[in-house]
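See below for the structure under consideration.
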């Protein structure tokens with residue numbers, strides 16, 4: 001009887017360890033899926049709003065490698081920037097001193113980097129706002145130590 005109890009305890013012990021790994025793997029996959037979904041939706045929103053930049057002038061567009069501030073065709077100020085590990089949208093335009101002052105809204109978590117690259121019409125790198133023809137936005141998503149993904153989109157604003 002004691003031998004049966006010991007064998008059953010060993011079987012239940014191994015089964016509980018296996019079940020624990022299955023549940024933790026499922027939870028990790030859910031976290032990865034959520035982080036990917038947030039990043040894709042945020043990148044699509046960013047691309048949609050970048051298409052509506054009013055003009056490639058210093059008054060309507062302020063560029064940097066990690067943030068972009070612009071005025072859209074409706075006259076709204078928009079700024080996209082990385083705040084820690086959160087991609088954030090704020091209502092700070094080119095005239096503002098910095099992003100994130102006016103009404104910041106988080107768009108996606110678990111973003112380790114935001115890189116913005118600006119290009120001229122001939123495909124060379126643009127140095128100033130007046131030379132920008134299209135924009136490449138790249139997001140890197142990190143979940144734990146085991147997952148790292150990069151999402152990229154190219155946007156050509158309609159009014160350039």
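Is it the case, given these coordinates, that residue 152 is over 17 Å from residue 69 (Cβ atoms), in a loop (DSSP other than H, G, I, E, B) and at pLDDT 90 or above?
No: the conditions fail for residue 152.
Does residue 48 satisfy being in contact (Cβ under 8 Å) with a residue 12 or more places away in the chain and within 22 Å of residue 152 (Cα to Cα)?
So residue 48 does not fit the description; no.
Yes or no: residue 129 at pLDDT below 95 and more than 26 Å from residue 40 (Cβ to Cβ)?
Details: at pLDDT below 95: yes; more than 26 Å from residue 40 (Cβ to Cβ): yes.
When the stated conditions are applied, residue 129 passes them.
Working only within the stretch 65-101, note down all residues that are in contact with a strand residue (DSSP E or B) (Cβ under 6 Å, 6 or more places away or on another chain), more than 19 Å from residue 132 (Cβ to Cβ) and either in contact (Cβ under 8 Å) with a residue 60 or more places away in the chain or assigned to a loop (DSSP other than H, G, I, E, B) (or both).
Result: 85, 91, 100.
Among (1) within 17 Å of residue 60 (Cα to Cα); (2) loosely packed, with under 15 Cβ neighbours inside 10 Å; (3) touching a strand residue (DSSP E or B) at 6+ places or on another chain (Cβ under 7 Å), there is one condition residue 128 misses while meeting the rest; what is its number?
(3)
Inspect all residues belonging to the stretch 6-28 and state whether any of them is in contact with a strand residue (DSSP E or B) (Cβ under 6 Å, 6 or more places away or on another chain), under 26 Å from residue 87 (Cβ atoms) and touching a residue at least 24 places away in the same chain (Cβ under 8 Å).
First, pick out the residues of the stretch 6-28 that are in contact with a strand residue (DSSP E or B) (Cβ under 6 Å, 6 or more places away or on another chain): none.
For the stretch 6-28, residues in contact with a strand residue (DSSP E or B) (Cβ under 6 Å, 6 or more places away or on another chain), under 26 Å from residue 87 (Cβ atoms) and touching a residue at least 24 places away in the same chain (Cβ under 8 Å): absent.
Of the residues 99, 79, only one is surrounded by 13 or more Cβ atoms within 10 Å (Cβ to Cβ) and at pLDDT 95 or above; which?
From the options 99, 79, the qualifying one is 79.
Conditions tested, residue by residue: (1) surrounded by 15 or more Cβ atoms within 10 Å (Cβ to Cβ); (2) more than 30 Å from residue 30 (Cβ to Cβ); (3) touching a helix residue (DSSP H, G or I) at 6+ places or on another chain (Cβ under 9 Å).
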{"position": "67", "(1), (2), (3)": "yes, yes, no"}
{"position": "89", "(1), (2), (3)": "yes, no, yes"}
{"position": "108", "(1), (2), (3)": "yes, no, yes"}
{"position": "144", "(1), (2), (3)": "no, no, yes"}
{"position": "147", "(1), (2), (3)": "yes, no, yes"}
{"position": "150", "(1), (2), (3)": "no, no, no"}
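Could you tell me whether any residue of the stretch 25-37 is assigned to a helix (DSSP H, G or I), under 20 Å from residue 136 (Cβ atoms) and under 21 Å from the mean Cα position of the chain (by Cα)?
Checked the stretch 25-37: at least one residue is assigned to a helix (DSSP H, G or I), under 20 Å from residue 136 (Cβ atoms) and under 21 Å from the mean Cα position of the chain (by Cα).
Report yes if some residue within the stretch 120-138 is assigned to a strand (DSSP E or B) and more than 22 Å from the chain's Cα centre (by Cα); otherwise report no. Spell out the reasoning first.
Pass one, the stretch 120-138, residues assigned to a strand (DSSP E or B): 125, 134-138.
After this cut, where a residue has to be more than 22 Å from the chain's Cα centre (by Cα) as well, the list is 125.
Yes - at least one qualifying residue is present in the stretch 120-138.
The values are calculated or read from the model by the stated rules, or taken from the named source; none is laboratory data. Fair warning: this is a prediction, and the values are worked out from it, not measured in the lab. Every residue, glycine among them, receives a Cβ derived from its backbone with ideal geometry; neighbour counts consider all protein chains shown.
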